[in-house]
1. Return the pair list, or none, for Cβ contacts closer than 6 Å from residues in region 42-67 that are crowded, with 16+ Cβ neighbours inside 10 Å to residues that are outside any strand (DSSP E or B) and small (Gly, Ala, Ser), at least 6 apart or on different chains.
2. Among Arg577, Arg558, Arg585, Arg562, which is in contact with a His (Cβ under 6 Å, 6 or more places away or on another chain) and either assigned by TED's automatic domain parsing to the domain that holds Asp673 or free of Cβ contacts under 8 Å to residues at least 40 places away in the same chain (or both)?
3. Filter region 52-72 down to residues that are under 27 Å from Asp441 (Cα atoms) and in contact with a Lys or Arg (Cβ under 7 Å, 6 or more places away or on another chain), then give me how many there are.
4. Among the listed residues Asp215, Asp202, identify the single one that is in contact with a helix residue (DSSP H, G or I) (Cβ under 8 Å, 6 or more places away or on another chain) and of a type outside the set (Val, Ile, Thr).
5. Identify, by number, the condition in (1) surrounded by fewer than 22 Cβ atoms within 10 Å (Cβ to Cβ); (2) outside any loop (DSSP other than H, G, I, E, B); (3) of a type in the set (A, V, I, L, M, F, W, C) that Met344 doesn't meet.
6. Applying the selection to region 3-37, what residues are under 14 Å from Arg421 (Cα atoms) and surrounded by fewer than 19 Cβ atoms within 10 Å (Cβ to Cβ)?
7. Kindly provide the set of residues from region 543-569 that are in a loop (DSSP other than H, G, I, E, B) and over 12 Å from Ala269 (Cα atoms), ordered by number.
Amino acid sequence: MIPLIGYADRFSVRAGGSIALKASTTHPDYRADLVRIRSADPNPAGPGMRFEDVPAAFAGTYTGRFQPALRGSHAEIDLAGLPLGRHWTLCLRVQPWLLDGRPQAVLGWEGVSLHIARDGIVLRFGDRELRQECPFLERRWYQLRLSVGPAAVGLTVDKLHEDWGHGGMAGPLLYVTADGSVSAPGRLLLAAAPDADGTPKDHFNGRLEHPLILDGDRAGAPGIVEPGQMPRTHLHAWWNFALGQDTAEILDQGPHRRHGRLVNMPTRASRGAFWSGRELNWRHAPDEYAAIHFHEDDLYDCGWETDFSFDVPADLPSGVYGIRLLSGTDEDIVPFFVLPPAGMATAKVALLFSTYTYQVYANYDRGNFDEAYRERRAAWAGSYPHHPGDNPQFGLSTYNWHADGSGVAHSSHLRPILTFRPGYLAYPDQRGSGLRHFPADMHLAAWLDAMGIAWDAITDHDVEAEGADLLARYKVVLTPSHPEYQSLGTLDALRDYTADGGRLVYLGGNGFYWRVAVSAAVPGTLELRRTESGTRAWAADPGEYYHQFDGGYGGLWRRQDRAPQKLAGVGFSAQGRFEGSYYRRLPESFAPEVAWIFDGVDGEVIGDFGFSGGGAAGFELDRADPLLGSPPNTVVLCRSEGHQAHFGVTPEDVLQPRENKMSNAPDPLIRSDMVYFETVRGGAVFSVGSITFCGSLPWNNFDNQVSRMVRNVVLRFSE
């Protein structure tokens with residue numbers, strides 16, 4: 001348990017707006033104040049952890065309270081007063097994905113629950129328990145029917161496919177009755193059961209489809225219950241999960257319209273019991289995608305009460321800030337970004353923080369929470385003291401797997417994000433600081449300050465909301481180390497900005513790579529389907545490549561003919577461990593049209609130093625490629641060299657296993673290209689194609705060849 005932690009209701013706020021802070025603590029009270037974050041690197045040799053105190057009206061002492069993070073997705077439906085009559089039957093289809101010995105609740109209401117486990121089924125009602133052996137298998141579909149009468153209950157379990165994929169209905173696995181009375185449901189839970197205080201528990205891991213309530217005793221009747229073929233006069237309720245896929249609602253097509261809501265964002269647009277494979281897009285065959293996949297470790301919104309709100313003064317300068325919480329020796333800093341007032345820009349330069357990528361990686365447990373990591377964290381004062389591997393209560397990253405082996409497709413920012421903290425270490429980097437994402441991107445923010453270059457902070461979430469109009473207020477837009485995840489809205493905005501004369505400086509690697517989806521109906525959440533190749537932490541199941549939120553095809557932007565090269569001139573090419581190398585200038589870089597980029601830059605070797613992996617070209621590398629869309633006028637200025645043997649080409653560039661060869665020559669695709677090109681309407685793009693590049697900017701107190709080169713570009717672009 002973390003003794004003091006908080007989260008904000010948003011990543012960014014405009015000056016003049018408001019942001020809410022939610023906190024949980026085991027202390028009786030805590031203090032809160034505001035800081036401006038200038039640098040977030042705890043490495044004693046690096047630019048440091050630099051915070052400036054900022055006066056704020058909310059600063060003061062607050063009463064502490066513990067607020068839990070309740071994981072586990074389920075559905076809730078209010079059925080109070082539903083006229084069920086003396087006999088009725090609740091039916092649904094079930095596909096378990098994790099049968100590990102624990103009984104998991106398929107459904108429940110006050111005093112009643114139905115659990116399944118590998119070896120059987122358990123029905124609890126009143127003070128009675130009906131336990132029956134029944135051989136369930138993982139990832140197989142079953143139909144459950146619970147029939148309720150005035151003095152008895154009946155339960156039938158049918159498997160829905162003969163020989164698991166061939167033939168039709170296989171007949172009942174179980175039919176059993178028991179004496180006793182069951183109360184009508186008031187608050188019905190699906191994929192969970194209520195505890196004594198009503199808190200959902202025993203969450204189900206797997207898929208549910210077509211829950212419905214029929215009149216009469218139908219537990220022993222043969223055949224598949226097809227809701228759409230039922231006479232309306234027999235139907236009390238039918239929650240058709242094929243409807244409202246982009247929402248957190250489940251819609252009742254019965255006569256009483258008892259719609260329900262989903263809690264903690266299970267995965268929709270999932271294959272149902274009778275998916276045929278004829279249509280791979282759920283929108284074309286919605287009835288075949290009428291299943292919802294629930295997980296015990298889903299978390300959407302912690303739902304914490306607001307402790308206080310910060311009404312941001314209209315004159316607060318744009319930048320990176322943090323709400324600092326303190327009690328005793330415990331401290332938490334919740335970062336957020338302040339934009340200029342609505343419709344304004346206060347600088348020529350905007351730093352576009354990759355908040356979509358921060359959110360996708362949120363609470364990523366990299367599996368490296370070992371002794372070496374702990375030793376590094378303890379040795380560096382200012383390192384963030386908590387790790388997702390030790391705190392799973394705040395939910396998973398889309399780089400993790402659910403407990404049932406399915407990939408995590410959603411990530412929310414309405415929860416504490418441990419990886420989004422100043423001083424958070426991603427790796428025990430032996431040649432640098434080991435920072436990723438937000439702390440690493442603060443290398444660029446610190447560099448701008450050191451150079452005396454005025455800048456405004458903006459985020460992916462803001463670009464989504466305001467489009468290219470937001471970007472058009474700036475002469476130059478800088479992207480930091482890893483703008484990997486983009487929605488259709490953000491990618492279109494960047495494309496339109498550069499096409500209309502904007503200047504883009506892409507100072508990272510593996511950017512503009514994956515497509516994510518957003519939904520106004522489920523604010524604060526991103527959806528990701530990892531499809532068709534790419535460096536994937538998991539792979540979406542066949543037929544589940546289309547997002548539930550926007551219906552768009554998921555996966556790599558390259559697979560949708562929008563390779564990163566079309567925007568930035570370079571795109572993901574190779575990956576290795578978190579180690580860096582250097583660039584070498586190419587003859588083309590000495591041409592008069594581009595030589596200004598290197599004014600004051602000594603030597604042909606560039607960036608053989610840095611606080612990220614020890615070099616400017618490392619970890620994930622991008623290359624220019626005309627066949628993937630690098631503009632014809634792209635000039636390759638520098639190319640990386642000297643990469644370690646563990647670097648390999650991205651999967652999308654490998655069509656078949658590479659043959660073993662006697663030659664030790666490196667693969668030509670293992671490289672980072674630094675490029676420059678101009679656009680028709682007076683815009684320009686400068687890209688470096690390396691995740692570790694920004695880590696070289698602060699080297700030698702910001703006085704180095706990488707720093708001078710980027711300064712030349714930013715100043716020229718901002719003219």
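The values are calculated or read from the model by the stated rules, or taken from the named source; none is laboratory data. The structure presented is a predicted model; accordingly, all values stated were derived computationally and were not measured. Reconstructed Cβ throughout: ideal geometry from the backbone, glycine too, with neighbour counts over all protein chains shown.
1. From region 42-67, the pairs are Pro42/Gly382; Pro42/Ser383; Pro42/Gly423; Asn43/Ser433; Gly46/Ser433; Pro47/Ala446; Met49/Gly382; Met49/Gly423.
2. Numbers: Arg558 fails: in contact with a His (Cβ under 6 Å, 6 or more places away or on another chain); Arg585 fails: in contact with a His (Cβ under 6 Å, 6 or more places away or on another chain); Arg562 fails: in contact with a His (Cβ under 6 Å, 6 or more places away or on another chain).
None of the others qualify; the one that does is Arg577.
3. So the first thing to find is which residues in region 52-72 are under 27 Å from Asp441 (Cα atoms), and the list is 52-56.
Those still in the list that are in contact with a Lys or Arg (Cβ under 7 Å, 6 or more places away or on another chain) too: 52, 54.
Final tally of qualifying residues: 2.
4. Values: Asp202 fails: in contact with a helix residue (DSSP H, G or I) (Cβ under 8 Å, 6 or more places away or on another chain).
Of Asp215, Asp202, the one residue that is in contact with a helix residue (DSSP H, G or I) (Cβ under 8 Å, 6 or more places away or on another chain) and of a type outside the set (Val, Ile, Thr) is Asp215.
5. The number of the failed condition is (2).
6. We begin by selecting, within region 3-37, every residue under 14 Å from Arg421 (Cα atoms); these are 4-8, 11, 35-37.
Arg36 - this is the single residue of region 3-37 that is under 14 Å from Arg421 (Cα atoms) and surrounded by fewer than 19 Cβ atoms within 10 Å (Cβ to Cβ).
7. Taking region 543-569 first, the residues in a loop (DSSP other than H, G, I, E, B) are 543-545, 547-552, 554, 561-563, 569.
Result: Gly554, Asp561, Arg562, Ala563, Gly569.
Yes/no per residue for (1) in the same structural domain as Val516 (by TED's automatic domain parsing); (2) crowded, with 21+ Cβ neighbours inside 10 Å; (3) without any contact (Cβ under 8 Å) to a residue 40 or more places away in the chain; (4) more than 17 Å from the chain's Cα centre (by Cα):
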{"site": "Asn363", "(1), (2), (3), (4)": "yes, yes, no, no"}
{"site": "Arg366", "(1), (2), (3), (4)": "yes, no, no, no"}
{"site": "Tyr373", "(1), (2), (3), (4)": "yes, no, no, yes"}
{"site": "Pro388", "(1), (2), (3), (4)": "yes, yes, yes, no"}
